[in-house]
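Input: a single structure, listed below in structure tokens.
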Amino acid sequence: MRRRFLQESRTHLELLGSEDYGEREAKPAQRKRGFEAPYGTLREPICHLEPRLSTSVPNANLKMILSKIDANLKKIRVRIAAAAGRADRNPESVTLVAVTKYAEPAWVQALFDLGHRDFGENRPQQLARRAGEFPSEIHWHLIGHLQRNKVGLVLPATTRIHSVDSLRLLKRIGESSLKAGATRSVLLEVNVSGEAAKDGLSPSELRELWPQFCEQSGVQIDGLMTMAPHTDDPESTRATFRGLRALRDQLAESSQGEQPLPELSMGMSGDFEVAIEEGATLIRVGSSLYEGLSPP
Ligand SMILES: Cc1ncc(COP(=O)(O)O)c(C=O)c1O
């Protein structure tokens, strides 16, 4: 599968032509792993990786997918920069996690070809499968609910778990990570808005259990994550994002520098600008990336 991916990657880039994506010869190491792409760049060099073989997606469609996603990414980057500017922040302090829950494999591939490296999946099974199918340079973020019996499935494939919503789950992740000889980066999911249908710890529960969360070994608690209520008015999400940030500040302060919690994962297609203004360091964006595309 990885071999097919590399063949299709090359096809994507060739389709845009060397005027846009200038060619160069691959170094021997790159032939094995795929081309090296500097994080976040939208202009990628082409490498001669493998002989070109036919692909299941027609060339005209690949070209259309690549150029639509390229244009969408550029628009999102402009929006990120504007929001960061309003908050007097460096846009580079915000990582765009491309949510691939509903993305076709060719769309994921196009994002990779365009230099994107942070991808978010909601479903543990799909994350584990895709991590095996796509190049190992990808940082996979688990952003959806995780049952304890799926921890072993996702741990080897996941860079960061955003959705730790109980002490029992944190313990299981810690124990499994210790067995594997690694420490795992996690974020704690908080239901700031208090909606009954949402996963996540309540702020009061987290405050109360915080010392126990801090005691767990095998995990590095890097920050907090939340989802704002679904709304057509992005401004109305501000209180939720501000609440997460205030909670983070409070917990960090109470741990006296031991747990600085630098990451805030908040903001989706409809509200990421407000989230950035309120301090988001990771935004999880899906639908805006795929505007103009529909599954075959
Ligand atoms: C936890 C989470 N974050 C972010 C997203 C992306 O949302 P959107 O498509 O509105 O950008 C989703 C969508 O499935 C999600 O479940």
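Things worth noting here:
- The distance between label points at S93 and L178 comes to 3.5 nm (points 7 Å beyond Cα on the Cα→Cβ vector).
- Whether the stretch 79-191 is rounded, prolate or oblate, judged on the alpha carbon gyration tensor where a/c under 1.5 counts as rounded: oblate
- Here's the picture: charge each Lys and Arg Cβ at +1 and each Asp and Glu Cβ at -1 in the stretch 120-213, and of S166, Q147, S204 the one pushed furthest to the positive end of that dipole is Q147.
- Theoretical gain in end-to-end length, E215 to R242 [0.36 nm per residue, Cα-Cα removed]: 7.1 nm
- For the stretch 221-234, putting each phi into the Karplus relation 6.51 cos²θ - 1.76 cosθ + 1.60 with θ = phi - 60° gives couplings of 7, 8, x, 10, 9, 8, 10, 7, x, 5, 7, 8, 10, x Hz, in residue order, rounded to whole numbers and with x for Gly and Pro.
- Translational D in µm²/s for the stretch 94-136 (Stokes-Einstein at 20 °C, 1.002 mPa s, Kirkwood Rh from C-alpha pairs): 203 µm²/s
- All alpha carbon pair distances within the stretch 59-290 were sorted into 10 Å bins beginning at 0; the resulting P(r) in whole percents reads 8, 33, 36, 20, 3, 0.
- Residues of the stretch 195-238 with amide N under 18 Å of a point placed 7 Å along Cα→Cβ from Q256: 210-216
- Shape category assigned to the stretch 194-268 from the gyration tensor of Cα positions, a/c cut at 1.5: prolate
- Per-residue ³J(HN,Hα) for the stretch 167-178, Karplus 6.51 cos²θ - 1.76 cosθ + 1.60, θ = phi - 60°, Hz, x for Gly and Pro: 5, 4, 5, 4, 4, 4, 5, x, 5, 5, 5, 4
Computed from the coordinates by the stated procedures, all read-outs in this text should not be read as laboratory data. Nothing here was measured: the structure is a model prediction, and the numbers come from that model. Because the Cβ atoms are built from the backbone with ideal geometry, glycine has one as well, and the counts that use them run over all protein chains shown.
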